[in-house]
Amino acid sequence: MKRAFITGITGQDGSYLAELLLGKGYEVHGLIRRASTFNTSRIDHLYVDPHEPEARLYLHYGDLSDGARLATLLAEINPDEVYNLAAQSHVRVSFDEPEHTADTTGTGTIRVLEAVRASKIETRYYQASSSELYGATPPPQNEETAFYPRSPYAAAKLYSFWITKNYREAYDLFAVNGILFNHESPRRGETFVTRKITRAVAAIKAGRQDHVYMGNLDAVRDWGYAAEYVEGMWRMLQADTPDDYVLATGVGTSVREFLVTAFEHAGLNWEDHVRFDERYLRPTEVDALIGDPSKAEAELGWKAKVHPLDLARLMVDADIEALQHAGQPWIDRVPLEGWPLR
Ligand code: NAP
Ligand code: F7E
């Protein structure tokens, strides 16, 4: 039985990856942060009492800020594959918390890589790199495109990209960068633009909210479906040689187009409900990200099937469905207009 270790298992991608690997027969170990409330809602459906013989998913407390803990854990678990998905992953928040972002999204990576070396395990390593690396460089973007980061988040990911590549060259580690363009799902964090829109549509449709405040509607992104992207991560670690790959749909869509599609899908006119608030603007914006995934298609046989506007409809349906189930925690606890969070 193969064994995998996932940092960020409680996040959107970590939850889909854990599901995928369990389905392939892996034993899966995940790193979780100790919090004062439960933070496992995205993986609760995978829970099997660890005392039971059929249990194959185990969680361990730890943090990317604690390198010694990472080394001890890796030595104990001895995984065949390490997926480093943990990060402060919100671009706008990285302008508010640049030092914390550097520490988790940047230095956190070297702590995991050093933990791999210190524990002397034989493993393959996946680094969650990002299309944000391209920043101001115009699309289409592929593995040869120059990086031009435009936020503390992107600058921290740039460090992580290069240190992963350096460890591959310096120590002959099977280490890869997945340069993933935006990928979304019904499990997407509630303050990323797609989920913010689809949750608002569901709440407005249900008569629980009247409007939503948004920032720059002109930005263009290449939104794919997260459940498909974790398959690409896994394929990168099954390749004969380690390399870096772009995963994307190749289709660019503006925030406005996504928003119009989501409102129309619920039979609503977006102009009646969308307002502008400058707090959602970024000091430096990334205008357009559209990926060219041909290398992953040719070498890994990976291709995105769900395209951005279908994804918008899929996410609206999921949020409307979620709202119909009484006792949804976010509806009960959070004021209808939400916290003024970015
Ligand atoms: P996400 O939903 O924000 O999940 C982030 C995960 O990291 C959560 O499990 C979080 O734990 C954990 N985490 C944060 N700080 C940590 C720390 N100091 N120590 C340990 N764990 C920590 O992100 P995602 O969308 O799944 O993305 C996964 C990775 O891919 C991230 O590195 C992200 O930057 C990168 N990425 C994402 C996209 C995208 O479009 N989704 C595109 C390119 C790259 P809590 O649950 O406790 O907060
Ligand atoms: O913003 C605009 C905003 O926060 C997308 C992360 O997963 O993908 C993600 O980063 C666009 C930006 O994602 C609002 O200005 C307008 O242009 O959903 P987002 P992101 O910044 O692209 C990359 C690849 C990652 O690696 C990151 O981890 O939407 N926008 N109005 C807004 N964005 C937000 N969040 N909220 C708004 O109200």
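The figures follow:
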item	result
Helix-only [θ]222 nm of the chain, DSSP H runs n ≥ 4, -39500 (n - 2.57) each, per residue, nearest 500	-11500 deg cm²/dmol
Residue order, fewest to most surrounding Cβ atoms within 10 angstrom, among M315, M236	M236, M315
Spacing of the two label points (7 Å from each Cα toward its C-beta) at L22 and D277, in nm	3.6 nm
Considering only region 3-338, percent of DSSP beta bridges that pair antiparallel, nearest 5	5 percent
Within straight-line cross-link reach of K295, aspartates and glutamates at Cα separation under 18 Å, skipping those fewer than 8 residues along the same chain	E143, E144, D222, E228, E231, D240, D243, D244
Ordering of 58-71, 147-160 by packing [mean C-beta count within 10 Å, highest first]	147-160, 58-71
Size of charge dipole - region 3-338 - debye, nearest 20, with Cβ of Lys, Arg +1 and Asp, Glu -1, no other charges	360 debye
Rounded to whole Å, sorted largest first: equivalent-ellipsoid semi-axes of region 3-338, Cα gyration tensor	32, 24, 19
Sequence-separation-based contact order of the chain, relative, with Cα cut under 8 Å and 6+ spacing, percent	17 percent
FRET efficiency, 1/(1 + (r/R0)^6) with R0 45 Å, evaluated for Y58 and T137 via beta carbons	0.65
Label-point separation in nm, S36 to H211, each point 7 Å along Cα→Cβ	3.4 nm
Ranked packing of 128-139, 42-53, 15-26, most packed first, by mean Cβ within 10 Å	128-139, 15-26, 42-53
Listed residues L57, L17, Q127: farthest to the positive end of the dipole of the chain (Cβ charges)	L57
D49-F192 pseudo-label distance in nm [points 7 Å out on the Cα-to-Cβ vector]	3.5 nm
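Values quoted throughout were computed directly from the atomic coordinates according to the rules given, and no laboratory measurement underlies them. As the structure is a prediction and not an experimental result, all values here were calculated from the model. No Cβ is skipped: glycine too gets one built from the backbone with ideal geometry, and neighbour counts run over all protein chains shown.
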